[in-house]
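Worksheet for the structure shown next.
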Amino acid sequence: MAGKRKTSTNAVNILHKRYFDGKPAMLELLERERENSKIARTICDLRTKAGLSQRELAARVGTSASAICRLEDVDYEGHSLSMLQRIAAALNQRVEVNFVPVKTSRSTRKRAKSTTMRRTRTKIA
């Protein structure tokens, strides 16, 4: 039984291995979707805690209720900093932007290093 591979019954692990392991583009897409989801949930949570409907928040921000609805949709990708600042001001909040290093997988780093080494060798030779 030394050659038998251990299988997982965890659905999240299975899906991650199938669709994301070793696929940097898919991992980047997943991270982008997580970011959009976090922004949408934050807007909704802040609005709800303030006891406001989407229509009431829209009136404070100077936009339509449908625009607030779109911003609270996890699939929406058009969040602008200026709109987030307007929403934050209406909810007595402020927006903070952080720049963080991009996490790269081992295989991506190995490929980049390999490519650099090949280029160096080419220049030397």
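Here, each number is a calculation from the coordinates, and none is a lab measurement. From a predicted model like this one, the values you see are computed outputs, not experimental measurements. We place every Cβ from the backbone using ideal geometry, glycine too, and count neighbours over all the protein chains shown.
Rounded to the nearest 20, the size of the Cβ-charge dipole of segment 1-51 about its Cα centre is 280 debye, with Lys and Arg at +1 and Asp and Glu at -1. Among ILE14, SER82, ALA59, whose Cα sits farthest toward the positive end of the charge dipole of segment 1-87 (+1 at Cβ of Lys/Arg, -1 at Cβ of Asp/Glu, about the Cα centre)? The one lying farthest along the dipole's positive direction is ILE14.
Any idea how far the Cα center of segment 84-99 sits from the one of segment 23-81, in Å? Segment 84-99 and segment 23-81 have Cα centres spaced 12 Å from each other. Applying the criteria of a DSSP loop state and at most 15 other Cβ atoms within 10 Å to the GluC sites (Glu not before Pro) of segment 1-104 yields GLU77, GLU96.
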